[in-house]
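Take a look at the structure below.
The values are calculated or read from the model by the stated rules, or taken from the named source; none is laboratory data. Predicted model, so just to flag it, every value in this text is computed and none were measured. FYI the Cβ positions are ideal-geometry reconstructions off the backbone, even for glycines, and counts take in every protein chain you see.
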């Protein structure tokens, strides 16, 4: 008697290659069935390219701030404020990516690649309609954005062209994130990795050329950093569109898919709307933290910005690992294997804890030499070291909160992490950070302790809700 979907064998009878060979094959783009592979292997095969993908993104952040740091603290502060404001664009793009990845992974798990391709096209249509007006509005309001974020007159003066260019080119953010969500949902994590590597390698090459005018390039200063970023991301998007139409992949788009399909678009936008709200709530809270830190002056803000880039070096690859949970949850729910999906999440959380716990120790011990790479300005260095050391206490909690959040999203349950973000980050984190930092007078250290406490709260409540298992019954 044939097994039912919930009784499907844990793995094919075919002998499995060694894990390292399998990871190497996954980086080359080998196709796998993530509903039948042994779970440790499935997690590693997805997590490795996803972590390497975002490792390059975090490396670019460090390279970018290294070169900008040569221009002065005002330029560094402008980059920090712009990054905090443009994160709202990222939030909308990531929210749309959540709905896209959830539906694509579910269709792939059901054995319906045509349905996955139709869903991918609907997501691209939505991205174009949403991103263009946001890009225009952000570019036109660039000086006001910097002012609203607490930038001084000097920061607004040097940062306005940079901010306008970053917002104006933000359509590349939408497409880069969305296309990679399509690849991840389909289990083609290696293609997503290559796209982001290409984008960020070009960024790193062009960054010093356009900032300092090396060789035949113009010397554009801070504005050159924005131009380099936009060109790099644009080339990454072109590579993605090429990959979506060629090769033997889990998902491939053709002319027959280029149509509007309301029946597919509607549930995707419903999931994505909650996803957008989820990230908007989270990033608005981060904007609030940046605004609170800005009250301590440009020097403290510059030190905090440097520390954030170092923190992102650890967090982004870890977030890539956590995205393996979203793909495994979506595909295994599609294959009617909810218990396997749950096991995959706990295993992914364990791997994430090992990664972030290691980074926490490194950042605590080496905070001074790491921050000194980017600045030799005493007060800026002091603020950066403090921010890096205190923030490292949150890493172990973040290891779980990121995985739980991605697991809910992969199941199409975007509402649970949205509510958690609102209650923990808005109603708990922001008042706590302001109270400790300003009301009680503990300064930057107080603000950061408030963030650590709120991350622990999110991980605890998220773990309880995940264990209850309502996400297993979400239909998409």
What do you reckon, is residue 323 in contact with a helix residue (DSSP H, G or I) (Cβ under 7 Å, 6 or more places away or on another chain), without any contact (Cβ under 8 Å) to a residue 40 or more places away in the chain, in a helix (DSSP H, G or I) and within 29 Å of residue 63 (Cα to Cα)?
no
Quick one: which residue in 330, 275, 288 is closer than 30 Å to residue 361 by Cβ and either in contact with a helix residue (DSSP H, G or I) (Cβ under 8 Å, 6 or more places away or on another chain) or in a helix (DSSP H, G or I) (or both)?
288
I'm checking my understanding of the structure. Among residues of region 417-435 that are closer than 10 Å to residue 285 by Cα and in contact (Cβ under 8 Å) with a residue 60 or more places away in the chain, which one is surrounded by the most Cβ atoms within 10 Å (Cβ to Cβ)?
429
So in region 233-266, with the set limited to residues that are touching a helix residue (DSSP H, G or I) at 6+ places or on another chain (Cβ under 7 Å) and free of Cβ contacts under 8 Å to residues at least 60 places away in the same chain, which one is surrounded by the fewest Cβ atoms within 10 Å (Cβ to Cβ)?
235
Filter result for residue 197 (within 23 Å of the chain's Cα centre (by Cα) and either at pLDDT below 90 or outside any helix (DSSP H, G or I) (or both)):
yes
Can we say residue 63 is part of a helix (DSSP H, G or I), surrounded by fewer than 23 Cβ atoms within 10 Å (Cβ to Cβ), modelled with pLDDT of 90 or more and in contact with a helix residue (DSSP H, G or I) (Cβ under 8 Å, 6 or more places away or on another chain)?
no
Check whether at least one residue in region 84-98 is over 17 Å from residue 165 (Cβ atoms) and out of contact with any helix residue (DSSP H, G or I) (no Cβ under 7 Å at 6 or more places or on another chain), and report yes or no.
no
Give just the number: which of (1) farther than 22 Å from residue 324 by Cα; (2) buried (at least 19 other Cβ atoms within 10 Å of the Cβ) does residue 401 not satisfy?
(1)
Any hit, region 201-224, residues being in contact with a helix residue (DSSP H, G or I) (Cβ under 7 Å, 6 or more places away or on another chain), closer than 23 Å to residue 275 by Cβ, at pLDDT 90 or above and buried (at least 21 other Cβ atoms within 10 Å of the Cβ)
no
In region 349-411, which helices (runs of 4 or more DSSP H) lie fully inside it and hold 3 or more residues that are over 26 Å from residue 299 (Cα atoms), in contact (Cβ under 8 Å) with a residue 40 or more places away in the chain and in contact with a helix residue (DSSP H, G or I) (Cβ under 9 Å, 6 or more places away or on another chain)?
395-410
Which listed residue is assigned to a loop (DSSP other than H, G, I, E, B) and either buried (at least 16 other Cβ atoms within 10 Å of the Cβ) or at pLDDT below 65 (or both), from 49, 15
15
Consider region 257-269. How many of its residues are assigned to a helix (DSSP H, G or I) and at pLDDT 85 or above?
8
Starting from region 202-226, keep only residues that are without any contact (Cβ under 8 Å) to a residue 40 or more places away in the chain, then list their pairs with residues that are assigned to a loop (DSSP other than H, G, I, E, B) and surrounded by 19 or more Cβ atoms within 10 Å (Cβ to Cβ) whose Cβ atoms are within a distance under 7 Å, requiring at least 6 positions of separation or different chains.
210/220
Go through (1) modelled with pLDDT under 90; (2) over 24 Å from residue 190 (Cβ atoms); (3) buried (at least 19 other Cβ atoms within 10 Å of the Cβ) one by one and return the number of the condition residue 363 breaks.
(1)
Flag for residue 306 being touching a residue at least 24 places away in the same chain (Cβ under 8 Å), assigned to a helix (DSSP H, G or I) and under 26 Å from residue 201 (Cα atoms)
yes
